[in-house]
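One structure is given here, and the rest of the page talks about it.
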């Protein structure tokens with residue numbers, strides 16, 4: 001893919017993830033990418049991950065952990081350096097394998113449409129080519145490459161499909177991958193028709209009042225098949241198929257039954273299904289403006305005081321409930337509020353910004369912890385994730401002569 005980009009004059013950079021799953025081989029892969037990028041005058045980015053630790057912390061498979069980590073980092077790079085697209089080298093055989101994986105595990109129509117050529121910022125320009133097409137291109141153009149030895153291990157479902165199922169289909173029907181691609185294209189067309197029907201129904205059944213979503217019960221029950229419509233309506237909130245069936249069974253029960261998924265709760269009311277974000281349920285408090293030297297007791301107890309210090313001799317407190325900031329940088333009044341999607345700050349010790357949502361993930365926050373966390377802002381900048389971490393830009397430095405000490409009491 002990189003060679004095709006070079007031949008086409010497409011401006012691009014290379015990003016490589018070292019998941020440290022194959023010992024020295026992983027490091028050799030990283031060295032190969034670095035050398036290739038430098039030889040071709042390309043900027044490159046390398047990220048090391050403790051994939052096993054992340055998988056254990058999240059309770060997910062190694063493959064899922066690697067996928068989550070790389071795409072999160074790719075999106076971070078794209079945002080930081082203003083890349084237009086994230087290009088991955090998925091090819092036609094990858095699409096065929098994905099189709100069979102979803103088919104084996106059980107899936108709806110969305111799982112049968114294969115790997116899409118584009119999903120948001122992610123593009124997959126090699127879906128037209130098989131693995132054999134790519135191998136022939138490599139040989140014809142004498143391109144350097146490295147082979148992941150794990151591609152031959154049959155302990156992974158994808159490899160079992162690659163090395164046993166697909167060769168059998170190719171024997172029965174040569175060119176099977178291309179013919180399956182045509183079938184997948186037909187599935188996508190059918191999916192578009194179904195999606196249009198779902199969206200028409202959504203407009204008549206689903207309404208929103210602020211952050212609260214309502215679904216008309218009577219209108220919902222008139223749809224057929226109701227389970228499919230409801231599953232699609234609830235997909236943004238990650239309710240699974242089993243929960244959807246339970247919700248349907250509860251529609252005729254007395255009102256008040258609750259269901260939870262991800263960060264949302266669904267209540268079966270007398271006339272409507274009511275969906276709310278749990279964060280908004282736990283705390284409905286409004287933002288609070290704070291003047292200098294003002295002590296507040298609610299929604300969080302917070303004290304503050306100015307202190308003169310000797311430049312270069314101040315020791316930052318280790319207590320997480322204390323924040324010492326350079327007073328010359330803090331501008332009153334301050335704003336105390338809950339976090340919102342898109343919030344970011346520069347965590348102490350980092351010179352790059354991090355989304356608050358990513359900070360929560362890194363710190364392994366439970367849902368209730370996220371809901372209970374407050375942010376302290378100065379002129380729209382987050383200066384303290386209260387009780388957890390200050391912003392690096394407001395830290396005490398060797399030139400600081402006065403601080404403001406905030407204490408969560």
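What follows draws every value from the coordinates through simple rules; no lab data is involved. Quantities reported herein were computed from a predicted structural model and do not represent experimental measurements. Counting neighbours? That spans all protein chains shown, and the Cβs are built from the backbone with ideal geometry, glycine included.
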Helix 24-39: angle to the longest alpha-carbon principal axis of the chain, degrees 0 to 90, nearest 10? 90 degrees
Residue 7 to residue 159: extension gain in nm, 0.36 nm per residue of separation minus the Cα-Cα distance? 51.6 nm
Kirkwood Rh (inverse of mean 1/r, distinct Cα pairs), the chain, angstrom: 25.8 Å
Find the relative contact order for the chain and round it to a whole percent, using C-alpha pairs within less than 8 Å whose residues are 6+ positions apart. 10 percent
Distance in Å, no decimals, from the C-alpha centre of segment 305-368 to the one of segment 177-221 is 43 Å
Measure nothing fancy, just the Cα-based angle from helix 131-141's long axis to the longest principal axis of the chain, in degrees from 0 to 90, nearest 10. 90 degrees
Highest-fluctuation residue, 163, 142, 186 considered, GNM on the chain with Cα pairs under 10 Å: 142
Helix 241-250: inclination vs the chain longest Cα principal axis, degrees, rounded to 10, gives 70 degrees
Among 83, 315, 239, which one shows the highest mean-square fluctuation when the chain is modelled as a Gaussian network with alpha-carbon springs under 10 Å? 315
Of all DSSP beta bridges located in the chain, what percent are antiparallel, nearest 5? 85 percent
177, 357 arranged by Cβ crowding within 10 Å, fewest neighbours leading: 357, 177
Picking from 392, 82, 91, which is most flexible by a Gaussian network model of the chain using Cα springs under 10 Å? 82
Restricting to segment 2-179, compute how many DSSP beta bridges are antiparallel as a %, nearest 5. 20 percent
With every atom except the alpha carbons ignored, what do you get for Rg and Dmax of segment 289-330, in angstroms? 12.1, 35
Using only Cα atoms, locate the centre of segment 1-59 and the centre of segment 100-153, then give the distance between them in Å, rounded to an integer. 17 Å
Residue-averaged [θ]222 nm for the chain, counting only DSSP H segments that reach four residues, each worth -39500 (n - 2.57): -11500 deg cm²/dmol
In segment 210-280, how does Rg compare with the Kirkwood Rh, expressed as the Rg/Rh ratio over alpha carbon atoms? 0.92
Rg (Å, one decimal) plus Dmax (Å, integer) for the alpha carbons of segment 2-179? 17.2, 49
How long, wide and thick is segment 208-346, going by the Cα atoms along their three principal axes, in whole angstroms, largest first? 73, 24, 21
Cβ-based exposure ranking for 172, 184, 138, in which fewest neighbours within 10 Å come first: 172, 138, 184
For segment 1-46, the Debye formula with one identical point scatterer on each Cα and no solvent gives log10 I(q)/I(0) at q = 0.17, 0.24, 0.27 Å⁻¹ as -0.50, -0.83, -0.95
Let me have the relative contact order for segment 325-409, percent, based on Cα pairs under 8 Å that are six or more residues apart. 41 percent
For segment 264-409, count the residues as N, evaluate 2.2 N^0.38 Å, and divide the Cα radius of gyration by that value, please. 1.17
